[in-house]
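Below is one structure, written out as structure tokens; the observations come after it.
The values are calculated or read from the model by the stated rules, or taken from the named source; none is laboratory data. As the structure is a prediction and not an experimental result, all values here were calculated from the model. Counting neighbours? That spans all protein chains shown, and the Cβs are built from the backbone with ideal geometry, glycine included.
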Amino acid sequence: MSKKVCMFVWNHFTNDARVLRECTALSEAGYEVDLLCIHDPNDPNLPRFEQKNDRFRVHRLRRYPIPLEMVQKLFRYSKQNKVVGALLMLLWSLLIYVSPIVFSILTVLLVVLLKTKLKAIWVKGSLILGMILKGLQKDYDIYHSNDLNTLPQGYICSKWRFKKKKLIYDSHEVQTSRTGYASPVYGKLEGFLIKRIDEMIVENHTRAKYNEDLYGFYPHVVHNYPFKQTVQSDEKVDLHEILGIPKYEKILLYQGGIQTGRGLDKLVQAVPLFKEGILVLIGDGKIKKELQAMVQEMQLEDKVKFLPKVPLAELPKYTRNAYLGFQVLNNVCFNHYSASSNKLFEYMMAGLPVVACSFPEIQKVVEGDQTGVKVDSHDPVSIANGVNWLLDHPEEHSEMKRNSLRASGKYNWENEQKNLLEVYYNSESIQEAYI
């Protein structure tokens, strides 16, 4: 009988390559996998349920509580339809005369729940509860929590029961040192829950050693390598045509999240120093508008182009257009410093030499396989020097291109997935202790 896995992830599961690879590998190995994630009400084409294959199902939970969603829809509709809006205002005004107490209570509730931090608590609390209830609906054998924001759900589902179940903590990030996680609450929460898990997975050995120093044990390592491109294809989406770039111009590519700490401001500052080429950034994120404003202020609209994120399956068709790829993370936290970013290996699959930061995991690949040049990612001049070196040395560029394609034969998910499956096979032996 197939083992049943309940996996949690705190996103919409539209571009989460790592979780897709793990769920696919487990289902192909015979596990029944249910992935619980979050629905996006702003995407009308995103289904609440997907059957990825015979053993892999995706369940997207309602993002907002029903009462809140109804109020939000009514508010938006009343703004679009002035008659309805006027009628609601009239009824609201009459309520103060009919029942001042009810009017006051409803007013306070609306202000508190729609305009303060309590709204976020309500939404997150509802989602956490929904995941827990969904996770308890079936008799799962193993619970798998991706990152700290789903570890409480996995802990409650697996351990708050008479017959305890196996819990795997898959930490994609360094939860105690990452951007946006400055509060000590995160470290305390992880420190409490990590004593109650059965297995832990991290992305690389630098992070595993950090975990050992912090918590006293060395977790399993499952690298974030992409699927191997088994069929060599030259199919491209013509970025030159889409962006109006002359055919002779080289595309210098960044693909990934447009977020703080990824060195993108330094990258834009380096553009005027490039001897040739157009910087193209593919992706979305919190600082995209800020970056676009910076490009406009520096009058670099002809030298820097933006595209929104594209589906993972289509991304290689965009990547193949480029002359080189950028991985210029800044050392703003240990999470960034210890990263072995997926995009580094996506560039490799497309045969792109990289201009990369000299952090341990990234440097190990770039130096060890001779797939690019290292730079000081905090210095625009150093970034520009790296780009110009590759532009000035076409023979070395060609050699690095060949090295990248060759190295992609080992840095791929087909090789790496066995490490994930070993964690699960080990889990099954531990699970016997609960029976």
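Worth a mention:
- Filtering segment 132-149 to residues that are among the polar types (S, T, N, Q) and either within 25 Å of Ser340 (Cβ to Cβ) or assigned to a strand (DSSP E or B) (or both) leaves Ser145, Asn146, Asn149.
- Only one entry of Asp213, Asp234 meets the criterion of being charged (D, E, K, R), closer than 18 Å to Gly325 by Cβ and not assigned by TED's automatic domain parsing to the domain that holds Ala293, and that entry is Asp234.
- Of all residue pairs spaced 6 or more apart or on separate chains, those with beta-carbon atoms under 8 Å, a first member in segment 17-37 that is over 14 Å from Gln51 (Cβ atoms) and a second member that is β-branched (Val, Ile, Thr) and not in a strand (DSSP E or B) are Val19/Val9; Glu22/Val222; Leu36/Val9; Cys37/Val9.
- Criterion: more than 20 Å from Ser408 (Cβ to Cβ), surrounded by fewer than 16 Cβ atoms within 10 Å (Cβ to Cβ) and of a type in the set (Val, Ile, Thr) - qualifying residue of Ile242, Ile201: Ile242
- Selected residue [out of contact with any strand residue (DSSP E or B) (no Cβ under 6 Å at 6 or more places or on another chain), part of a helix (DSSP H, G or I) and on the phi < 0 side of the Ramachandran plot] from Thr14, Thr24: Thr24
- Test for Asn15: is it surrounded by 12 or more Cβ atoms within 10 Å (Cβ to Cβ) and modelled with pLDDT under 75: no
- In segment 283-300, the residues that are touching a Phe, Trp or Tyr at 6+ places or on another chain (Cβ under 9 Å) and under 15 Å from Val328 (Cβ atoms): Gly283, Leu291
- Single residue of segment 150-189 satisfying the filter (modelled with pLDDT under 95 and assigned to a helix (DSSP H, G or I)) that is nearest to Leu136 (Cα to Cα): Leu189
- Verdict on Leu20 being surrounded by 15 or more Cβ atoms within 10 Å (Cβ to Cβ), within 19 Å of Lys124 (Cα to Cα) and either under 29 Å from the mean Cα position of the chain (by Cα) or at pLDDT 65 or above (or both): no
- Taken together, the residues in segment 190-243 that are part of a loop (DSSP other than H, G, I, E, B), among the β-branched types (Val, Ile, Thr) and under 30 Å from Cys157 (Cα atoms) amount to 2.
- Apart from one condition, Gly257 fits all of (1) surrounded by fewer than 16 Cβ atoms within 10 Å (Cβ to Cβ); (2) at pLDDT below 95; (3) not β-branched (Val, Ile, Thr); the exception is (1).
- Residue in segment 274-282 that is touching a Pro at 6+ places or on another chain (Cβ under 9 Å), touching a residue at least 24 places away in the same chain (Cβ under 8 Å) and surrounded by fewer than 20 Cβ atoms within 10 Å (Cβ to Cβ) present: no
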